[in-house]
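Visitor: Okay, handing you the structure first.
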Amino acid sequence: MSALSRRDFLRVVSLAGGGIALGIGLGGCAGEPAPWPNARSGVFQPNAFLQLGSDGTLTLAIHKAEMGQGVMTGLATLVAEELAIDPRTLRFEFALPHPDYRGDDAVMVTGGSASIASSFDTLRQAGAVLRELLTQAAANAWQAKPGDCVAEDGMIRLRDGSRALGYGALAEAAARLPVPASVALKERADWRLIGRYDARVDAAAKVDGSAQFSIDVQLPGMLVAVLLRCPHFGGSLRRFDAEAAKAVPGVRHVLTVDGAIAVLADGYWQARRAADLVLPEWDKGPHAALDSAVLVTRQQQLLDQESGKIVREQGEQPAGNATKVVEAEYRVPYLAHATMEPMNAVARVGAASAEIWAGNQAPDVLQGLVARALEVPTANVIVHSTYLGGGFGRRVAMDFAVEAALVARAVGAPVKLVWSREDDIRHDLYRPAALSRLRAEIDVSGTLVSWQHRIVAPSIMALAMPAMGLAMLPQWVPNGVMRPVGMMIRGSDGTSVEGAKELPYEIPHLSVEYLHHDPGVPIGFWRSVGHSQNAFFVESFVDEVAQAMGEDPCAFRLDRLPAGSRQAAVLRRAADEAGWGKAPEGRFQGLAVHESFDTVVAEVVEISVASGKPRVHRVVCAVDCGTVVNPDVVRMQLESAVVFALSAALYGEITLRDGAVEQGNFDDYPVLRMSECPQIEVHMLASDAPPSGIGEPGTPPLAPALANAIFAATGQRLRSLPLRLA
């Protein structure tokens, strides 16, 4: 099986949902299109995304998760461009699950930095279709030609200025017209918003508090639940004593649900205080002996003794005539997502139905998982998506929402389930721990002739496929049917080697190998996924090789990147803007360049070192992400990526003891403080190419650029994250 990327994964999941992958026919999958779940009587809806009321209210269905990354602004900009309106005049609602929102992936999911790239044509077409219908309706009313009419500021006007009608006034007439199968989109030269619009359409709602997160949801008769889960991976509950907890005023229930202890009360703090009084006894399970040192030793043994899957082999291996060999071993630990809003969800469950309110990154997957868990028809599960207080890949998994549904069914009342920060850190789906060995060979002429990279890591896809795939299958398909698929793909997980496999440098011999290792720790998608660790491995080792060959790190890269490549252009821009090689007295620079999600980012980090600690003063980013839709969103995404990556590079580490996570809150799993935040500069390269990803690509280059700066400052080559000076 070839390496499975996240995009491949989504397609496989969708195929599984259609019965093709499993070779089974699914009756009822074809036929008339499903009605749009957001359709309202008396409101004109030319497509799934837009609704126009007679009062002129234009509503845009947001089919992607808004988790702070600015996708709502981006989608609104695309529609507003074609409709010639101010994006802030749109009304927004989060889309309910429906096939029309799935796009090419056939799954409603927000991830892979794909939201704007995958919606760029779709949303512009949605706006253009409505514009064309309104234009035709106005032309009919005036007995004019559509070409004599123009859309401006929510009005259709005759070009001579003699007549004008608002969109609302034209809605009823437009609704009677046939929806065109294709429409002309605005030419780039006519864009007034794309590439310029910088106001955040969700800013006011977040400032005045009207933006609703799932933790804000209130239902009549709702109880608040907290869960006590076994802290040991794979462990279980033996028994518990809840007498003291039940005596806390406001506590309504203490019961077991799916192996956890659920404490329900009238409010969160009553439930939390009572939960602290529960005395559980846990069976540590099969991973009781697992700790971080054991894990690293096992990974080293695998690299010593086993061979894996060669995911890239290019050129002939040198015939042993290397005069210099550079070898190194790099390691990254598990990482938690630590979203600012911990996991939470609200559920109301009936005899054969359910409603779920949850900030999530995949609403139809959530719908399928809840339906299976409750054994109710999928169509009877209504998913209300909300704003997310951070995602970073964590809310692709729906464990917290399924828990809420199960608890609500158990007590027969609406339930808001809230994870504490400790719950979040200790029961996350972690960025995998990985180990790499790299070897470079230099021949007698001083030419770098070979690059060999061996990676050992768990497979995210092997764990994600059974869960997400199952959610898309009909409910009569047994729960265990996807497990063999996970076993099949575990050795071909593209996310484990992404960023290493696509090494851009021109070297005569390249070899990249992947060895699968699953110690039993739950893992998941973390911002930029495999790129987050593989960029650290690759771009740190590139510096090592450059140093071994006595070359400047920037010049070394430029000499070996393809002429005219995006990587070379971006790296050169970052170096120029940062003043590479001209750091102020007492400061030192490091750099890295990396492509992920079709976007290239180069970063130059400028540091000083005092009292044995690095201080990051300045980070200069250059980016080629194709067409920029909202410059300020791109800038903020890179700024946030730098802060996110700096937190991980300086502090991020989940350690294990007795098969359990040792950290619990920001005191032992810190993030960057405001006083530590460097000056961040962002420079965007002009491009006419379609938009590419921006949410994740700013993360991978930071750690290697920082490590390389620390080497420049101290001579210490740090090969493990987080970066700690000796």
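The values are calculated or read from the model by the stated rules, or taken from the named source; none is laboratory data. Please read these numbers as outputs of a predicted model, since none were measured by experiment. Here the Cβ is made from the backbone with ideal geometry for all residues, glycine too, and neighbour counts use every protein chain on show. Just so you know, the surface numbers come from the protein's heavy atoms only, side chains and all, with ligands and any DNA or RNA stripped out. Shrake-Rupley method; radii C 1.70, N 1.55, O 1.52, S 1.80 Å.
Visitor: Could I have the simple spin-label model distance between residue 686 and residue 328, label points 7 Å from Cα toward Cβ, reported in nm to one decimal?
Guide: Label at residue 686, label at residue 328, 3.7 nm between them.
Visitor: Can you give me the distance in nm between label points at residue 353 and residue 89, each placed 7 Å from the Cα along the Cα-to-Cβ direction?
Guide: For the pair residue 353/residue 89, the computed spacing is 3.7 nm.
Visitor: Are there any trypsin sites (Lys or Arg not before Pro) in the stretch 579-652 that are in a DSSP loop and have at most 14 other Cβ atoms within 10 Å? List them by number.
Guide: Within the stretch 579-652, the qualifying trypsin sites (Lys or Arg not before Pro) (loop, at most 14 other Cβ atoms within 10 Å) are 582.
Visitor: Taking only the alpha carbons of the stretch 610-682, what extent do you get along each of the three principal axes, in Å, biggest first?
Guide: For the stretch 610-682, the Cα extents along the three principal axes come out at 49, 32, 17 Å.
Visitor: While we're looking at this one, here's another question. So for the pair residue 518, residue 617, with labels modelled 7 Å out along Cα→Cβ, what separation do we get in nm?
Guide: Between residue 518 and residue 617, the label points sit 4.9 nm apart.
Visitor: What accessible area per residue, rounded to a whole number of Å², is obtained for the stretch 395-499 using a probe radius of 1.4 Å?
Guide: Numbers: 3010 Å² over 105 residues.
Value for the stretch 395-499: 29 Å² per residue.
Visitor: Give the ranking of 41, 540 by solvent-accessible surface, highest area first, calculated with a 1.4 Å probe. Don't jump to the answer; show the numbers that get you there.
Guide: On the way: 41 120, 540 0 Å².
Of 41, 540, the descending order of accessible area is 41, 540.
Visitor: Using Cα-Cα distances under 8 Å and only pairs 6 or more residues apart, what relative contact order does the chain have, in percent?
Guide: On the way: 1596 pairs, mean separation 107.6, N = 726.
Relative contact order for the chain comes out at 15 percent.
Visitor: Using the beta-carbon distance between residue 667 and residue 54 and R0 = 41 Å, what value does 1/(1 + (r/R0)^6) give for FRET efficiency, to the nearest 0.05?
Guide: Values: r = 56 Å, r/R0 = 1.37.
For R0 = 41 Å, the calculated efficiency reads 0.15.
Visitor: If you stretched the chain out fully between residue 445 and residue 196, how much longer would it get, using 0.36 nm times the residue separation minus the C-alpha to C-alpha distance? Write out the running numbers ahead of the final one.
Guide: Working: separation 249, 0.36 × 249 = 89.64 nm, distance 5.09 nm.
So the extension gain works out to 84.5 nm.
Visitor: Right, here's the next one. Given 0.36 nm per residue, what is the gain on full extension from residue 104 to residue 655 after removing their alpha carbon distance, in nm?
Guide: Numbers: separation 551, 0.36 × 551 = 198.36 nm, distance 3.87 nm.
Residue separation times 0.36 nm, minus the Cα-Cα distance, leaves 194.5 nm.
Visitor: Separate question: Cα extents of the stretch 648-724 along the three principal axes, largest first, in whole Å?
Guide: Sorted largest first, the three principal extents are 53, 32, 26 Å.
Visitor: Something else: Which length gain, in nm to one decimal place, applies between residue 717 and residue 476 when the Cα-Cα distance is subtracted from 0.36 nm times their residue separation? Could the numbers behind the result be given before it?
Guide: On the way: separation 241, 0.36 × 241 = 86.76 nm, distance 5.52 nm.
Residue separation times 0.36 nm, minus the Cα-Cα distance, leaves 81.2 nm.
Visitor: Just the accessible area per residue of the stretch 650-726, please: how many Å² with a 1.4 Å probe? Mind dumping the intermediate values first?
Guide: On the way: 3120 Å² over 77 residues.
So the stretch 650-726 comes to 41 Å² accessible per residue, rounded to a whole number.
Visitor: Could you order 647, 54 so the one with the most accessible surface comes first? Probe is 1.4 Å.
Guide: Values: 647 15, 54 95 Å².
Solvent-accessible surface, decreasing: 54, 647.
Visitor: Another question about this same structure. Tell me the carbon and sulfur percent of the accessible area for the stretch 177-228, rounded to whole percent, probe radius 1.4 Å.
Guide: Values: 1670 of 2960 Å².
Heavy-atom surface of the stretch 177-228 belonging to carbon and sulfur, 1.4 Å probe: 56 percent.
Visitor: With all protein chains present, how much of the accessible area of the stretch 251-354 (probe radius 1.4 Å) comes from carbon and sulfur, to the nearest whole percent? Please list the in-between numbers first.
Guide: Values: 2520 of 5270 Å².
On the stretch 251-354, the fraction of accessible area on carbon and sulfur atoms equals 48 percent.
Visitor: In whole Å, what are the extents of the stretch 283-348 along the principal axes defined by its C-alpha atoms, from largest to smallest?
Guide: In descending order, the Cα extents are 68, 28, 21 Å.
Visitor: Per the 1.4 Å probe, what fraction of the accessible area of the stretch 39-104, in percent, lies on carbon and sulfur atoms? Before the final figure, lay out each step's value.
Guide: On the way: 950 of 2090 Å².
Exposed carbon and sulfur together represent 45 percent of the surface.
Visitor: Here's something else I'd like to know. Of the beta bridges DSSP finds with both residues in the stretch 393-528, what % are antiparallel, to the nearest 5? Before the final figure, lay out each step's value.
Guide: Working: 8 of 17 bridges.
Bridges in the stretch 393-528 that DSSP calls antiparallel: roughly 45 percent.
Visitor: In whole angstrom, note down how far apart the Cα centers of the stretch 621-670 and the stretch 249-320 are.
Guide: Taking the Cα centre of each part, the stretch 621-670 and the stretch 249-320 sit 21 Å apart.
Visitor: If you bin the C-alpha pair distances of the stretch 162-308 every 5 Å from 0, what whole percents do you get?
Guide: 2, 7, 9, 8, 8, 8, 8, 7, 6, 8, 9, 9, 6, 4, 1, 1, 0
Visitor: Let me ask something else. Give the percent of DSSP beta bridges with both residues in the chain that are antiparallel, rounded to the nearest 5.
Guide: Details: 82 of 112 bridges.
So the antiparallel bridges in the chain amount to around 75 percent.
Visitor: What do you get for Rg/Rh over the stretch 95-136 if you use C-alpha atoms and the Kirkwood form of Rh? Working shown, then result.
Guide: Details: Rg = 12.3 Å, Rh = 11.5 Å.
Rg/Rh for the stretch 95-136 comes to 1.06.
Visitor: Looking only at the stretch 206-338, where both bridge partners belong to it, what percent of the DSSP beta bridges are antiparallel (to the nearest 5)? Each step should come with its number before you reach the end.
Guide: Details: 16 of 16 bridges.
So the antiparallel bridges amount to about 100 percent of the total.
Visitor: Something else about it: Counting only the backbone N, which residues of the stretch 614-646 are under 13 Å from the spot 7 Å out from the Cα of residue 185 toward its beta-carbon?
Guide: Backbone N within reach: 627-629.
Visitor: Please compute the per residue accessible area over the stretch 189-302 with all protein chains in place, 1.4 Å probe, rounded to a whole number of Å².
Guide: 52
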